[in-house]
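The values are calculated or read from the model by the stated rules, or taken from the named source; none is laboratory data. Keep in mind that what you see is a predicted model, and the values were worked out from it rather than measured. Positions of Cβ are backbone-derived with ideal geometry, glycine not excepted, and every protein chain shown enters the neighbour counts.
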Amino acid sequence: MTQHPDWLKVRRGQAPLVVSLPHTGIDIPAPLQPALRSLWLARKDADWWIEALYDFAGELDATIIRTTVSRTVIDVNRDPSGISLYPGQATTELCPTTSFDGEPLYREGQQPDAAEIERRKASYFTPYHDQLRQEIARLRAIHPAVVLYDCHSIRSVIPRLFEGTLPHFNIGTNSGLACADALTKTVQTHCAASGLEVVVNGRFKGGSITRLNGRPEAGVHAIQMELACRTYLDEPFGVVSEHNWPTPYNPTYAAPVRATLRAVLASCLDFARS
């Protein structure tokens, strides 16, 4: 195995499960900070506290891959070519220039140019995906199947991105291409048992991590879980600001959904081992 950079956190397990956390980072390299309008704004759309919510994954001997770098620097779950994963719908770019709400992230004229985007791809995007592929290949060599589970969250109400209030559990499998239907149904059943809202391949069908790595025919099943933030946080509704976002992580509030997610990951392991 190649040595990975400090910003790339890897916990290697032996179970046939890889847990990806691509948007929990809030680090922004010092040289990039002066071009940004606000560090809070640049960190606003992080998948807040998802690494704490899923911290039990190590107990399952899962392999966990996480970047500490903010998605504002580069979004490792976008298409590396820069094309939209959701044509016709509002989204953010490979190197985002706006927040989810459409607010500009950079000072006038200081957005990353093509050369800077290529530098960030080489520095962050490629190492993240190389690590994913290495760990999947390592585990696939010793197991009949491997599940790649990609962890995400997003505020429940973002009118620019979707209408109304997002369901609690949003399961994405690239419209069924990235994951066996049997696994999708099992995950969906566990989520529904919580009594909360569940949708499969709705507004969020899975990003580049799911789409590039999900190869059911080769024994690699990729599934994205996008949680509405109210599912595990005491989320404020309406306009968020530095004064009310992010909400602190409350283990007591998160406990019910953690129980559901533990059952989900256990079912992923059962599927892979079967």
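Which one of the conditions (1) crowded, with 21+ Cβ neighbours inside 10 Å; (2) free of Cβ contacts under 8 Å to residues at least 12 places away in the same chain does E163 fail to meet, given that it meets all the rest?
(1)
With the requirement that a residue be of a type outside the set (G, A, S) and over 25 Å from I171 (Cβ atoms), what does region 239-266 give you?
Restricting attention to region 239-266, the residues satisfying the condition of being of a type outside the set (G, A, S) are 239-240, 242-253, 256-258, 260-262, 264-265.
Result: V239, V240, E242, H243, N244, W245, P248, T252.
Does at least one position in region 45-60 carry a residue that is within 24 Å of S156 (Cβ to Cβ), among the charged types (D, E, K, R) and at pLDDT below 95?
no
Could you list all residues from region 204-217 that are without any contact (Cβ under 8 Å) to a residue 60 or more places away in the chain and either surrounded by fewer than 20 Cβ atoms within 10 Å (Cβ to Cβ) or among the β-branched types (V, I, T) (or both)?
R215, P216, E217
Of a type outside the set (S, T, Y), surrounded by fewer than 17 Cβ atoms within 10 Å (Cβ to Cβ) and within 20 Å of the chain's Cα centre (by Cα) - does that describe any residue in region 42-52? Before the answer, list the steps.
Just the residues of region 42-52 that are of a type outside the set (S, T, Y), to begin with: 42-52.
Checking which are surrounded by fewer than 17 Cβ atoms within 10 Å (Cβ to Cβ) leaves us with 52.
Next, from what is left, pick out any that are within 20 Å of the chain's Cα centre (by Cα): 52.
Within region 42-52, one or more residues are of a type outside the set (S, T, Y), surrounded by fewer than 17 Cβ atoms within 10 Å (Cβ to Cβ) and within 20 Å of the chain's Cα centre (by Cα).
Being surrounded by 19 or more Cβ atoms within 10 Å (Cβ to Cβ), in contact (Cβ under 8 Å) with a residue 12 or more places away in the chain and within 16 Å of I154 (Cβ to Cβ), is that true of even one residue in region 79-93? Don't jump to the end; show me each part of the working.
Within region 79-93, the subset surrounded by 19 or more Cβ atoms within 10 Å (Cβ to Cβ) is 92.
Then drop every residue that is not in contact (Cβ under 8 Å) with a residue 12 or more places away in the chain, which leaves 92.
Those still in the list that are within 16 Å of I154 (Cβ to Cβ) too: 92.
Yes - at least one qualifying residue is present in region 79-93.
Please go through region 1-37 and give me each residue that is free of Cβ contacts under 8 Å to residues at least 40 places away in the same chain and either of a type in the set (G, A, S) or buried (at least 18 other Cβ atoms within 10 Å of the Cβ) (or both), ordered by number.
A30
Taking helices (runs of 4 or more DSSP H) that do not extend beyond region 117-214, which have at least 1 residues that are under 19 Å from D75 (Cβ atoms) and of a type outside the set (K, R)?
Details: elements: 126-140, 181-192, 208-213.
Ranges flagged: 126-140, 208-213.
Taking only pairs six or more apart or across chains, which ones have beta-carbon atoms under 6 Å, a first residue in region 117-132 that is more than 15 Å from L32 (Cα to Cα), and a second residue that is hydroxyl-bearing (S, T, Y)?
Sorted first by the residue in region 117-132, then by its partner, the pairs are Y128/T67.
When you go through S175, S156 one by one, which is the residue that is modelled with pLDDT of 95 or more, touching a helix residue (DSSP H, G or I) at 6+ places or on another chain (Cβ under 7 Å) and of a type in the set (S, T, Y)? Working first, answer last.
Values: S175 fails: touching a helix residue (DSSP H, G or I) at 6+ places or on another chain (Cβ under 7 Å).
Result: S156 is the single residue among S175, S156 that is modelled with pLDDT of 95 or more, touching a helix residue (DSSP H, G or I) at 6+ places or on another chain (Cβ under 7 Å) and of a type in the set (S, T, Y).
Among all residue pairs at least 6 apart or on different chains, which show Cβ distances below 8 Å where the first residue, located in region 171-200, is surrounded by fewer than 16 Cβ atoms within 10 Å (Cβ to Cβ) and the second is polar (S, T, N, Q)?
Pairs that qualify, where the first residue is surrounded by fewer than 16 Cβ atoms within 10 Å (Cβ to Cβ) and the partner is polar (S, T, N, Q), are S175/N201; G176/T184; G176/N201; A193/T260.
Whether any residue in region 43-62 is hydrophobic (A, V, I, L, M, F, W, C) and touching an Asp or Glu at 6+ places or on another chain (Cβ under 7 Å) is what I want to check. Walk me through how you get there before you give the answer.
Taking region 43-62 first, the residues hydrophobic (A, V, I, L, M, F, W, C) are 46, 48-50, 52-53, 56-57, 60, 62.
Still in the running and touching an Asp or Glu at 6+ places or on another chain (Cβ under 7 Å): none.
No, region 43-62 contains no residue that is hydrophobic (A, V, I, L, M, F, W, C) and touching an Asp or Glu at 6+ places or on another chain (Cβ under 7 Å).
Does region 247-258 include one or more residues that are touching a residue at least 12 places away in the same chain (Cβ under 8 Å) and farther than 30 Å from A42 by Cβ?
Taking every residue of region 247-258 in turn, at least one turns out to be touching a residue at least 12 places away in the same chain (Cβ under 8 Å) and farther than 30 Å from A42 by Cβ.
Going by what's in this entry, would E226 be described as within 19 Å of L85 (Cβ to Cβ), surrounded by 16 or more Cβ atoms within 10 Å (Cβ to Cβ), of a type outside the set (S, T, Y) and at pLDDT 95 or above? If you could, list the steps in order and put the result at the bottom.
On the way: within 19 Å of L85 (Cβ to Cβ): yes; surrounded by 16 or more Cβ atoms within 10 Å (Cβ to Cβ): yes; of a type outside the set (S, T, Y): yes; at pLDDT 95 or above: yes.
Here the answer is yes, as E226 does meet what is asked.
Just to confirm my filter: which strands (runs of 3 or more DSSP E) fall fully inside region 1-108 and include at least 2 residues that are within 20 Å of R133 (Cβ to Cβ), in contact with a strand residue (DSSP E or B) (Cβ under 6 Å, 6 or more places away or on another chain) and charged (D, E, K, R)?
Numbers: elements: 8-11, 17-21, 63-67.
Fully inside region 1-108 and qualifying: 8-11.
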